[in-house]
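The values are calculated or read from the model by the stated rules, or taken from the named source; none is laboratory data. Just so you know, these numbers come straight off a predicted model, no measurement behind them. Cβ: placed from backbone, ideal geometry, glycine included. Neighbour counts: every protein chain shown. Calculation scope for accessible area: heavy atoms of the full protein, side chains included, ligands and nucleic acids excluded. Shrake-Rupley method; radii C 1.70, N 1.55, O 1.52, S 1.80 Å.
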Amino acid sequence: MPTLKFAVLAGDYIGPEVMSEALRVLRHVAEEEGLELLARQADVGGAGIDNHGKALPEGTLRICEESDAILFGSVGGPKWEKLPPNEQPERAALLPLRKHFTLFANIRPGLLYRELTAASPIKTERIPDGIDIVCIRELTGGLYFGKPKETKTLPDGDLQAVDTMVYRRSEIERIAATAVAAARSRKRKLCSIDKANVLETSVLWRKTVTDYVAKNAPDIELTHMYVDNAAMQLVRSPNQFDVFVTENMFGDILSDEMAVICGSLGMLSSASLGAGRNSLGLPFGLYEPAGGTAPDIAGKGVANPCAQILSTALMLRYSFGLEKPAARIEAAVRRAVTSGARTCDIAFGGASIGTRAMTDAILAAL
Ligand code: NAD
């Protein structure tokens, strides 16, 4: 019986609420598919600070290292907001995890079911069938990590701040490989987004992606787009994209834009794949909902568990190579929503059900 060894870092506020529902779905699927689950829970974020004095305790990191994947909730919230910036849960837990495991490829499906188009700020006539696109964001390079990164006083007394945008060809090649794999599993259409009319890093980005696809993936239809145009096209006509790939900061902004046009954060999952392989020879990855800890609704039992549940599907697909159970979970979520099960974030003022009842509907659909 295949064993799925993964760390469960539920985090704060709605994190544990939606995580326990995701585990219910996973246990159900595991039983039906003959999979053994070895899920090890550990504190992270605010829970790490409260129980162990730091957002990413050593014990938590060790459990992650001993696992084949991390199922992550979300961290942070008002309780820890007064801490110094570098001790804040997100900065002191998520960023070190990304760095420690070189989680360079962030995969975010932008999925809006036809039944939920009213949740999108885009007019329904522009997206009659909903939205179905994928954003691939480079996550460990570019402006957020380049050095020098500093603020200094100049000889004339003025203050100057510097961030550095830097990319190596090898960093671009490995994200191009991830993007090609994603495109191959869909319509074989890939759009690379950059600012090659202004930035040196973008000139290298465009050339590297072009060369990589020409050499390794002639079956992929590759196009290029400037990021300012992409920001417009995403709201004008999102489905003109299938898979798009872009560098860290552009991806940060475009993926949030994509989240907004897809309606509720409660529906959006994400995968961050590492450079390393797990014990199965597959990518080590961290899987989490696109949203945060939603303190405004925490403890009320109304959070939408779908994003966390869909994140488990991504974990099965990428870190365990289990396409069938992954697709089953995705289909069950879609069926539950299609048949009218709605948490308050996707109910548009109509009747809504709670977190647990939503999971029950997904289990019934399974
Ligand atoms: P948020 O994503 O937590 O919430 C934004 C809005 O979306 C809220 O109205 C919330 O109720 C709603 N929402 C989010 N997830 C939902 C769900 N599953 N079901 C129903 N509604 C949902 O963003 P925020 O309020 O800006 O941040 C709250 C905290 O989360 C902050 O401390 C922030 O730093 C943290 N955060 C953590 C992560 C992470 O751990 N990866 C990501 C983003 C924000």
Fully extended contour minus Cα-Cα distance, from K215 to A347, at 0.36 nm per residue
42.8 nm
Here P(r) for segment 1-110, Cα-Cα distances in 10 Å bins, as whole percents, is 14, 42, 33, 9, 1
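Can you say what percent of the DSSP beta bridges in segment 121-261, counting only those with both residues inside, are antiparallel? Round to 5. Don't jump to the answer; show the numbers that get you there.
Values: 5 of 19 bridges.
Of those bridges, close to 25 percent are antiparallel.
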Gaussian network model of the chain, Cα within-10 Å springs - most flexible of K99, K149, K189:
K149
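Apply 1/(1 + (r/R0)^6) to the Cβ-Cβ distance of R114 and T223, taking R0 = 25 Å, and write down the FRET efficiency to the nearest 0.05. Show your work: numbers first, answer last.
Details: r = 26 Å, r/R0 = 1.04.
Step by step, r from the Cβ atoms, then E = 0.45.
Taking only protein heavy atoms and a 1.4 Å probe, what accessible area per residue, in Å², does segment 108-171 have with all protein chains in place? Each step should come with its number before you reach the end.
Working: 3670 Å² over 64 residues.
Result: 57 Å² of accessible area for each residue.
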How big is the antiparallel share of DSSP beta bridges in the chain, given as a percent to the nearest 5?
45
With N residues in segment 281-366, what two-decimal value do you get for its Cα radius of gyration over 2.2 N^0.38 Å?
1.16
Roughly to the nearest percent, how much of the accessible area of segment 121-261 is carbon and sulfur, given a 1.4 Å probe?
53
With +1 on the Cβ of every Lys and Arg and -1 on the Cβ of every Asp and Glu, and nothing else charged, how large is the dipole of the chain about its Cα centre, in debye rounded to the nearest 20?
640
Expected unfolding gain across A231-E173 under the 0.36 nm per residue rule, minus the alpha-carbon gap, is 18.5 nm
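Calculate the dipole size of segment 121-261 relative to its Cα centre from +1 charges on Lys and Arg beta carbons and -1 charges on Asp and Glu beta carbons; express the result in debye to the nearest 20. Could you put the intermediate results ahead of the total?
Details: 19 positive and 21 negative charges, 101 e Å.
Dipole about the Cα centre, nearest 20: 480 debye.
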Starting from the amide H of S74, placed 1.01 Å from N in the peptide plane, find each other amide H under 5 Å away whose residue is 5 or more places distant or on another chain.
D12, G15
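Compute the Rg to Rh ratio over segment 213-366 from the alpha carbon atoms, using the Kirkwood formula for Rh, and round to two decimal places. Let's see the in-between values first.
Details: Rg = 17.5 Å, Rh = 17.5 Å.
Over the Cα atoms of segment 213-366, Rg/Rh equals 1.00.
Based on the Cβ-Cβ distance of R335 and K187, what FRET efficiency does E = 1/(1 + (r/R0)^6) give at R0 = 25 Å, to the nearest 0.05? Walk me through the intermediate numbers first.
Working: r = 23 Å, r/R0 = 0.92.
The formula returns an efficiency of 0.60 here.
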If you project the alpha carbons of segment 107-168 onto their three principal axes, what span does each projection cover, largest first, in Å?
60, 28, 13
For segment 55-110, what is the Kirkwood hydrodynamic radius in Å, using each pair of distinct C-alpha atoms?
12.6
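Based on DSSP H runs of at least 4 residues, each adding -39500 (n - 2.57), what is the mean residue ellipticity at 222 nm of the chain after dividing by all its residues, to the nearest 500 deg cm²/dmol? Let's see the in-between values first.
Values: 11 runs with 138 residues, N = 366.
Theoretical 222 nm ellipticity from helices: -12000 deg cm²/dmol.
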Most fluctuating residue of D345, D156, D68 in a GNM of the chain with Cα springs under 10 Å: which is it?
D156
For the pair K324/R40, report the inter-label distance in nm, with labels modelled 7 Å from Cα in the Cβ direction.
2.9
The base-10 log of I(q)/I(0) that the Debye equation returns for segment 128-238 at q = 0.11, 0.21 Å⁻¹, one scatterer per C-alpha, is -0.45, -1.20
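Give me D for the chain in µm² s⁻¹, whole number, from Stokes-Einstein with Rh from the Kirkwood sum over alpha-carbon pairs, 10 °C and 1.306 mPa s. Kindly include the intermediate steps, with their values, before the conclusion.
Values: Rh = 21.2 Å.
The calculation lands on 75 µm²/s.
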Hey, in the GNM for the chain with a 10 angstrom Cα cutoff, which one of L71, L282, L139 fluctuates hardest?
L282
State, to one decimal in nm, how far the label point of Q240 lies from the label point of L83, with both points 7 Å from Cα in the Cβ direction.
4.4
If one computes the Cα centroid of segment 175-248 and of segment 70-140, what distance in Å separates the two points?
20
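What does the extension gain come out to for E66 and D50, with contour length at 0.36 nm per residue minus their alpha carbon separation? Don't jump to the answer; show the numbers that get you there.
Details: separation 16, 0.36 × 16 = 5.76 nm, distance 2.36 nm.
So the chain would gain 3.4 nm between E66 and D50.
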Can you tell me the FRET efficiency between D163 and D360 if r is taken as the Cβ-Cβ distance and R0 is 35 Å, rounded to the nearest 0.05?
0.15
